[in-house]
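Written out below as structure tokens is the structure these notes cover.
The values are calculated or read from the model by the stated rules, or taken from the named source; none is laboratory data. Remember, it's a predicted structure, so these values are computed and weren't measured experimentally. So basically every Cβ, Gly included, is an ideal-geometry build from the backbone, and we count neighbours across all protein chains shown.
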Amino acid sequence: MAEPLLRLDSLRKHYGGLAVTDGVSLDVLPGEIHAVIGPNGAGKTTLIHEITGVVAPDEGRVVFAGQDVTRFSLPRRVRAGLARTFQITSVVAGFTALANVALAVQARSGSSFRFFRPAATERALNETAMQALAEVGLADRAGVPAGALSHGEKRALELAIALATQPRLLLLDEPLAGAGPEETERLVALLTRLKSAYTILLVEHDMQAVFALADRVSVLVYGRVIATGSVAEIRSSAKVRAAYLGEDEA
Amino acid sequence: MLREAWLPLVVLVALGVAPLLGFGGSYETTLMARAMILGMAAVSLSFLVGGAGLVSLGHAASVGVGAYAVAILDAHGVTEATLVLPAAIGAAALFSLLTGAIAIRTSGVHFIMITLAFGQMAFFTASSLAAYGGDDGYTLYSRTELLGTRLLENRLAFHYICLGLLAASWGGCAMLLASRFGRVLRAARENPQRVEAVGLAPYPFRLLGYMLAGAMGGLAGVLLANATEFVSPATLSWQRSGELLFMVILGGAGRLWGAILGALAFVLLETWLAQQMLHWKLVFGPLLVLAVIFLRGGLSGLVARHHG
């Protein structure tokens, strides 16, 4: 079996007496889409914070590409190749779509402590940014201020920004949250296209999307991973049904 | 957009030809020099406020540090610009670096209050410098000399030096904001989380921006000390910081050159009103309030709308 790209090793985080993540261990293998699902309050958000470095776990380790990144800040993790998108869309509203992506490109290519040349005229930055925009189908919206894009377009833009950081792993935090049926369809198609090129850890509420996209699924309930397996295994697991799917299928 | 780029040039050209069009007297040039120097300080503050989103209420402190550097060196017989300028700018940059290192860890109201606090510390430090006049301030023996010449004593030369440095400050700040460095600052103003998520920590960018603005404030301080040949703690008072912030807002915080307009308008209005009546501040204050309420985007926004 291949060495996992991301390994969570017994992550624990307590808030007062409440164990929000209670010994979470999980592997993401190179090339796979690994989905994390779980009912509200299962600890998904805290888990994401621990993976991205917003919250430090009380115990346990986050190992990324063979390197212990548990104490790394968010920017440092991103530079190591761990890109993320946000549950609530996070773009620079006043920048054009192109400038949003170019910011990510410049973070990756050379120093950002450059003071003389206008960044908007750097062709290498703009060309790479355009490629990322094209990858998510936003090439013709490059000049539009990000704040003026539709919700679905903003989600796609956020993906383009994440891609522009040249990630080894994409952590997608509910990429379909707030999207209408049509937008969801388009975003799922987009994620399906990205699937072949990237390793993805997907945290998502939309079961249909998860089952359509994921190679493996981990189920998080009350801060613990109660099951990990293929989509078929998870669907047929009695334990998962009892803890989670039952709610939806009842 | 292209036309808008000409507007600040019109202002600078107007300042350039004013002495040749009958405004070359001592009174007028003194007034314009004051406006241009405060304009420089305001432009560097606008770089912080409108560019980096760092609303400092202590910017006068860096101006004051630059001015006091002139006074202190003057008291020790050093008046050569090639020594005074680096010392003054360096001192202001260092002051901003040290205070910024702490202040930039905070944000929003906390940042405003902590910059105010550092400004007041500088104010009281200046007040206690008995050797350099303390509360009463310090009168320079002479203006700063440039390579041994008394160029700065010449009214017109001083006017054009102020104008040149004002233009350079504006151009320098505009260049910084357009650069990669400035792009990070502007992005972090709107959405620091986004900047972190592309792999950049905003802190070092903000700190460097804060230091550069402080250095420019220090340069303005050198000119201010020379313009009045006098330095006092009032130079670093929080009221002065407030006035600078006001110039930025009056001119429009979204445009760097707005700060130049803001400073010009502020100084001219203040001077004119003071000639008209005794209690001019009673009119000045409400006028400023009205300007903030009704001039969205400031004076520069107003001008840009009419020409755009």
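Scan region B:159-170 residue by residue and report those that are over 17 Å from residue B:217 (Cβ atoms) and either of a type in the set (Ser, Thr, Tyr) or within 11 Å of chain A (Cβ to nearest Cβ) (or both).
B:160
Has region B:108-121 got at least one residue that is of a type in the set (Phe, Trp, Tyr), over 24 Å from residue B:203 (Cα atoms) and in a helix (DSSP H, G or I)?
At the first step, the residues of region B:108-121 found to be of a type in the set (Phe, Trp, Tyr) are B:111, B:118.
With the extra rule that they be over 24 Å from residue B:203 (Cα atoms), the set shrinks to none.
No.
Within region A:44-59, count every residue that is within 24 Å of residue B:200 (Cβ to Cβ), of a type in the set (Ser, Thr, Tyr) and modelled with pLDDT of 90 or more.
The qualifying residues number 1.
Which residues, taken from region A:128-152, are in contact (Cβ under 8 Å) with a residue 40 or more places away in the chain, part of a helix (DSSP H, G or I) and either in contact with an Asp or Glu (Cβ under 6 Å, 6 or more places away or on another chain) or farther than 27 Å from residue B:209 by Cβ (or both)?
Narrowing region A:128-152 to residues in contact (Cβ under 8 Å) with a residue 40 or more places away in the chain: A:135-138, A:141-147, A:149, A:151.
Applying the additional criterion that residues be part of a helix (DSSP H, G or I) yields A:135, A:141, A:146-147, A:151.
Passing the criteria: A:135, A:141, A:151.
Out of region A:55-89, which residues are within 7 Å of another protein chain (Cβ to nearest Cβ) and crowded, with 23+ Cβ neighbours inside 10 Å?
Residues satisfying the conditions are A:78, A:84.
Considering only residues that are away from chain B (no Cβ under 13 Å) and either surrounded by fewer than 21 Cβ atoms within 10 Å (Cβ to Cβ) or not in a helix (DSSP H, G or I) (or both), which ones fall in region A:154-175? Don't jump to the end; show me each part of the working.
At the first step, the residues of region A:154-175 found to be away from chain B (no Cβ under 13 Å) are A:155-156, A:169, A:174-175.
Across region A:154-175, the qualifying residues are A:169, A:174, A:175.
Filter region B:230-248 down to the residues that are in contact with a helix residue (DSSP H, G or I) (Cβ under 6 Å, 6 or more places away or on another chain) and in a helix (DSSP H, G or I) and list them by number. Break it down into steps so the answer makes sense when it comes.
We begin by selecting, within region B:230-248, every residue in contact with a helix residue (DSSP H, G or I) (Cβ under 6 Å, 6 or more places away or on another chain); these are B:231, B:233, B:235-238, B:240-241, B:244, B:247-248.
B:233, B:235, B:236, B:238, B:240, B:241, B:244, B:247, B:248, listed by residue number.
Within region B:281-296, how many residues are outside any helix (DSSP H, G or I) and either in contact (Cβ under 8 Å) with a residue 12 or more places away in the chain or more than 18 Å from residue B:255 (Cα to Cα) (or both)?
So in region B:281-296, the residues outside any helix (DSSP H, G or I) come out as B:295-296.
Pick out the ones that are also either in contact (Cβ under 8 Å) with a residue 12 or more places away in the chain or more than 18 Å from residue B:255 (Cα to Cα) (or both) and you get B:295.
The total comes to 1.
Test of understanding: among B:269, B:261, B:299, B:278, which residue is part of a loop (DSSP other than H, G, I, E, B) and within 26 Å of residue B:27 (Cβ to Cβ)? Give the derivation first.
Working: B:269 fails: part of a loop (DSSP other than H, G, I, E, B); B:261 fails: part of a loop (DSSP other than H, G, I, E, B); B:299 fails: part of a loop (DSSP other than H, G, I, E, B).
Only one candidate qualifies: B:278.
Yes or no, residue by residue, for (1) surrounded by fewer than 14 Cβ atoms within 10 Å (Cβ to Cβ); (2) modelled with pLDDT of 95 or more; (3) within 14 Å of chain A (Cβ to nearest Cβ):
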position	(1), (2), (3)
B:118	no, yes, no
B:143	no, no, no
B:153	no, no, no
B:157	no, no, no
B:172	no, yes, yes
B:177	no, yes, yes
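Any chance you could count how many residues in region B:122-134 are within 17 Å of residue B:225 (Cβ to Cβ), modelled with pLDDT of 90 or more and assigned to a loop (DSSP other than H, G, I, E, B)?
The number of residues fulfilling the criteria is 1.
Is it true that some residue in region A:111-132 is farther than 30 Å from residue A:56 by Cα and under 17 Å from the mean Cα position of the chain (by Cα)?
Within region A:111-132, the first condition is being farther than 30 Å from residue A:56 by Cα, and the residues that meet it are A:114-132.
Subset that is under 17 Å from the mean Cα position of the chain (by Cα): A:132.
So far as region A:111-132 goes, yes, one or more of its residues are farther than 30 Å from residue A:56 by Cα and under 17 Å from the mean Cα position of the chain (by Cα).
Output yes when any residue across region B:190-206 is under 21 Å from the mean Cα position of the chain (by Cα), more than 24 Å from residue B:9 (Cα to Cα) and touching a residue at least 24 places away in the same chain (Cβ under 8 Å), and no when none is.
To start, the set of residues in region B:190-206 that are under 21 Å from the mean Cα position of the chain (by Cα) comprises B:205-206.
Those still in the list that are more than 24 Å from residue B:9 (Cα to Cα) too: B:205-206.
Still in the running and touching a residue at least 24 places away in the same chain (Cβ under 8 Å): B:205-206.
Checked region B:190-206: at least one residue is under 21 Å from the mean Cα position of the chain (by Cα), more than 24 Å from residue B:9 (Cα to Cα) and touching a residue at least 24 places away in the same chain (Cβ under 8 Å).
Looking at the structure I just gave you, is residue B:93 of a type in the set (A, V, I, L, M), surrounded by fewer than 22 Cβ atoms within 10 Å (Cβ to Cβ), closer than 23 Å to residue B:146 by Cβ and modelled with pLDDT of 95 or more?
Working: of a type in the set (A, V, I, L, M): yes; surrounded by fewer than 22 Cβ atoms within 10 Å (Cβ to Cβ): no; closer than 23 Å to residue B:146 by Cβ: yes; modelled with pLDDT of 95 or more: yes.
Against the criterion (of a type in the set (A, V, I, L, M), surrounded by fewer than 22 Cβ atoms within 10 Å (Cβ to Cβ), closer than 23 Å to residue B:146 by Cβ and modelled with pLDDT of 95 or more), residue B:93 does not qualify.
Just wondering, is there one or more residues in region B:191-213 that are of a type in the set (Lys, Arg) and at the interface with another protein chain (Cβ under 10 Å from one of its Cβ atoms)?
The initial filter retains those residues of region B:191-213 that are of a type in the set (Lys, Arg), namely B:194, B:206.
With at the interface with another protein chain (Cβ under 10 Å from one of its Cβ atoms) added as a condition, the list becomes B:194.
Within region B:191-213 (the criterion being of a type in the set (Lys, Arg) and at the interface with another protein chain (Cβ under 10 Å from one of its Cβ atoms)), the answer is yes, since at least one residue qualifies.
Among residues belonging to region A:106-148 that are among the aliphatic types (A, V, I, L, M) and at the interface with chain B (Cβ under 9 Å from one of its Cβ atoms), point out the one that is surrounded by the fewest Cβ atoms within 10 Å (Cβ to Cβ). It would help to see each step written out before you state the result.
If we filter region A:106-148 for residues that are among the aliphatic types (A, V, I, L, M), which is where we start, we get A:107, A:119-120, A:124-125, A:129-130, A:132-134, A:136, A:138-139, A:142, A:144, A:146, A:148.
Keeping just the survivors that are at the interface with chain B (Cβ under 9 Å from one of its Cβ atoms) gives A:107, A:119-120, A:125.
On the way: A:107: 24, A:119: 23, A:120: 15, A:125: 25.
Of everything passing the filter in region A:106-148, A:120 is surrounded by the fewest Cβ atoms within 10 Å (Cβ to Cβ).
Output the residues belonging to region B:135-164 that are part of a helix (DSSP H, G or I) and either in contact (Cβ under 8 Å) with a residue 12 or more places away in the chain or of a type in the set (S, T, N, Q) (or both).
At the first step, the residues of region B:135-164 found to be part of a helix (DSSP H, G or I) are B:135-136, B:151-153, B:155-164.
Within region B:135-164, B:135, B:136, B:152, B:155, B:156, B:158, B:159, B:160, B:161, B:162, B:163 qualify.
Given the structure, is residue B:256 within 30 Å of residue A:96 (Cα to Cα) and at pLDDT 95 or above? Can you show your working first?
Values: within 30 Å of residue A:96 (Cα to Cα): yes; at pLDDT 95 or above: no.
No; evaluated as a whole, the condition is false for this residue.
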